[in-house]
Amino acid sequence: MSIKTSVIFPTVPDKQYFSIGEVSTLCRVKAHVLRYWESEFHQLKPLKRKGNRRYYKKKEVLLVRKIRELLYDEGYTISGAKMRLSSETIQTKTSSSNDTLNSFNSLNNSSNGFANPDFFSNNNLNTNIKDLLSEVLDILHGSKDNN
């Protein structure tokens with residue numbers, strides 16, 4: 001049984017953009033590997049300036065570290081790492097949607113009486129939003145007619 005040892009990365013400085021050389025040092029990955037990963041991972045899109053110079057944001061530096069971890073430490077193939085990153089993105093978006101729904105539900109359960117308890121259920125949410133938007137449009141069209 002092999003023991004996984006993870007690389008200790010240097011702290012990412014608090015700045016807006018990083019050159020490819022800085023990212024290479026911060027992530028312990030060579031520049032040509034970073035350029036290749038850009039072609040493989042659609043999430044990795046550094047800003048390109050004059051002379052095709054690449055500038056990475058902090059979130060992209062963290063993404064490079066995640067890709068490196070998946071490929072080098074966990075043994076994923078490139079396609080496996082792509083799938084893993086995609087599934088994590090989907091989970092994050094789903095989690096965010098659930099958090100929003102939970103916020104609406106907590107608003108529902110408050111004693112302010114703005115909405116009935118079934119208003120924000122998953123089954124009725126789209127229908128209720130469409131109905132509300134339709135009512136707003138009717139009100140707006142009515143106010144145009146009165147002017």
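The values are calculated or read from the model by the stated rules, or taken from the named source; none is laboratory data. Since the model is a prediction, treat every value here as computed from it, not as a measurement. Virtual Cβ from ideal backbone geometry, glycine too; neighbours counted across all protein chains shown.
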For this session: Could you please find all residues in region 49-60 being surrounded by fewer than 19 Cβ atoms within 10 Å (Cβ to Cβ) and in contact (Cβ under 8 Å) with a residue 24 or more places away in the chain?
Result: ARG53, TYR55, LYS57, LYS58
Seminar exercise, completed: Only one of (1) touching a helix residue (DSSP H, G or I) at 6+ places or on another chain (Cβ under 8 Å); (2) assigned to a helix (DSSP H, G or I) does not apply to TYR76, and that is (2)
Exercise. In region 1-29, what count of residues is obtained for those that are in contact with a helix residue (DSSP H, G or I) (Cβ under 8 Å, 6 or more places away or on another chain) and surrounded by 11 or more Cβ atoms within 10 Å (Cβ to Cβ)?
Worked result: 12
Exercise. Modelled with pLDDT under 90, of a type in the set (D, E, K, R), in contact with a helix residue (DSSP H, G or I) (Cβ under 7 Å, 6 or more places away or on another chain) and loosely packed, with under 13 Cβ neighbours inside 10 Å - does that describe any residue in region 113-121?
Worked result: yes
